[in-house]
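The values are calculated or read from the model by the stated rules, or taken from the named source; none is laboratory data. Remember, predicted model here, so these are calculated numbers, not experimental data. When we count neighbours, we look across all protein chains shown, and the Cβ atoms used for this are built from the backbone with ideal geometry, even at glycine.
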Amino acid sequence: MIRGLEAAGATGFRINLSHTRLDDLEGVLGRVREASPVPVTLDTEGAQIRTGDMGEGITLKTGRRVRLVAADVRGDESTIPLHPGNVVHKLRPRARVSVDFYSALLRVDRVTGHDAEAVVISGGRVKSHRAVSAYPAPALPMFSRKDLAAVRIGRSSGIRDYAISFCDRPEAVLELRRRVGKEATIYAKIESRQGVEHLAEIAFYADRLIVDRGDLSREVQLAAIPLLQKAIIRKANAQGTPVYVATNLVESMVTTPQPNRAEVNDVINTLLDGASGLVLAAETAIGKYPVEAAEQVAGWMSEFERSVEGYRVRDLLGEHPLAAIHGRRPDSPRL
């Protein structure tokens, strides 16, 4: 599969530390490198909250009371473990907590010395290691202990590319730079309100930006995402910082072998906005058609690059899709 992605045109493989155990990291790096010379990027967990081990997943029912705990235990219908562990004590009564993009919504009622008690105000499915949002948002460290350990492994393994998830302020870039050296390439992922607010400073210190539209949509209205994407790309272009766009590019290809028209339109318009590149996520992480997804996106990028020098409508019309089926050109007298 790795070789297939390389052949499709992948120029980097991103290892998401939010879904990779620290004990498995060196093995994953070794397998990718054995299969392909394409560079690997270590993507930190960053300042975010996630569910812990929820087994095969559970369904929370509206009105049920649950405990939010810091302990590293398996969750169930009455207990939801959260990482990082100290985040539970930073929640406040009346805070709203959403799990996995509003799959379930909770309200915190009481915070004790060990856990927080909450009520489910909108039930839904809760799975392991899924994104959690809280409002008001608690203060979180720029990097988890796992991040820092992973960076040490990356350095000793010769990794040159690193991404900062939920890069909220330029200090995160400076801190990672101190740890990975000036020769490393640092991608700052803009996926929070604070990241957008500090965009200019972050873009000044980072080598490249990644607009993560998925996680950003947890913190702003969905209709604002396209406008924010355009604004971030314009700002990055103005500062001369390469900017990539990630998530939901061809989401339908997680389960189907073909994209839909809206996805094609989205990707081409993202390139027209001035994006330097594109980052696939679920499509190549858990999707059924990872190579096909990469081939589709790479093909659209090639079409876009050809269009930069100008194109004719006749060229865009190309050959009729049915022509290949019959083995004849559409202008054939016999067709």
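Residues that are within 17 Å of the chain's Cα centre (by Cα) number at least 2 in the following helices (runs of 4 or more DSSP H) confined to region 189-304: 193-197, 213-216, 225-239, 261-273, 282-285.
Let's see how each residue does on (1) in contact with a Ser or Thr (Cβ under 7 Å, 6 or more places away or on another chain); (2) within 26 Å of Leu222 (Cβ to Cβ):
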| position | (1), (2) |
| --- | --- |
| Arg21 | no, no |
| Glu34 | no, no |
| Gly46 | yes, yes |
| Thr79 | no, no |
| His89 | no, no |
| Asp100 | no, yes |
| Ser103 | no, yes |
| Gly113 | no, no |
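Among the residues of region 33-50, the ones that are β-branched (Val, Ile, Thr) and farther than 20 Å from Asp147 by Cα come to 1 in all.
Within the group Glu183, Glu175, which residue is within 26 Å of Ile202 (Cβ to Cβ), free of Cβ contacts under 8 Å to residues at least 60 places away in the same chain and part of a loop (DSSP other than H, G, I, E, B)?
Being within 26 Å of Ile202 (Cβ to Cβ), free of Cβ contacts under 8 Å to residues at least 60 places away in the same chain and part of a loop (DSSP other than H, G, I, E, B) holds for just one of Glu183, Glu175, which is Glu183.
Note on region 64-102: residues that are at pLDDT 95 or above, within 22 Å of Arg145 (Cα to Cα) and of a type in the set (D, E, K, R) amount to 0.
Only residues that are surrounded by 13 or more Cβ atoms within 10 Å (Cβ to Cβ) and part of a loop (DSSP other than H, G, I, E, B) were counted across region 75-100, and they come to 6. Only residues that are closer than 22 Å to Lys127 by Cβ, polar (S, T, N, Q) and surrounded by fewer than 17 Cβ atoms within 10 Å (Cβ to Cβ) were counted across region 1-34, and they come to 1.
Go through region 111-152 and report how many residues are among the aromatic types (Phe, Trp, Tyr) and part of a strand (DSSP E or B).
Residues flagged as among the aromatic types (Phe, Trp, Tyr) and part of a strand (DSSP E or B) within region 111-152 amount to 1.
So is Glu175 charged (D, E, K, R) and crowded, with 19+ Cβ neighbours inside 10 Å or not? Considered against the rule, which asks whether it is charged (D, E, K, R) and crowded, with 19+ Cβ neighbours inside 10 Å, Glu175 comes out as no.
Leu68 meets the conditions (1) assigned to a strand (DSSP E or B); (2) closer than 26 Å to Arg155 by Cα in every case but one. The failed one is (2). Filtering region 195-204 for residues that are surrounded by fewer than 17 Cβ atoms within 10 Å (Cβ to Cβ), in the same structural domain as Gln296 (by TED's automatic domain parsing) and under 24 Å from Ile49 (Cα atoms) leaves a non-empty set. With (1) at pLDDT 95 or above; (2) assigned to a loop (DSSP other than H, G, I, E, B); (3) more than 24 Å from Ala281 (Cα to Cα); (4) aliphatic (A, V, I, L, M) as the list, and Leu105 as the residue in question, which single condition is left unmet? With (1) at pLDDT 95 or above; (2) assigned to a loop (DSSP other than H, G, I, E, B); (3) more than 24 Å from Ala281 (Cα to Cα); (4) aliphatic (A, V, I, L, M) applied to Leu105, the lone miss is (2). Take the residues in region 235-294 that are over 22 Å from Ile186 (Cβ atoms), touching a residue at least 24 places away in the same chain (Cβ under 8 Å) and of a type in the set (D, E, K, R); name whichever of them is surrounded by the fewest Cβ atoms within 10 Å (Cβ to Cβ). So the residue we want is Lys288. The residue pairs whose first member lies in region 62-74 and is free of Cβ contacts under 8 Å to residues at least 40 places away in the same chain, whose second member is exposed (fewer than 11 other Cβ atoms within 10 Å of the Cβ) and not in a strand (DSSP E or B), and whose beta carbons are closer than 9 Å, counting only pairs six or more residues apart or on different chains, are Arg74/Gly55.
Confirm whether Leu199 is out of contact with any Ser or Thr (no Cβ under 9 Å at 6 or more places or on another chain) and touching a residue at least 24 places away in the same chain (Cβ under 8 Å).
In short, yes.
Would you mind stating whether Ala188 is in contact with a Cys (Cβ under 9 Å, 6 or more places away or on another chain) and among the aliphatic types (A, V, I, L, M)?
The answer is yes for Ala188.
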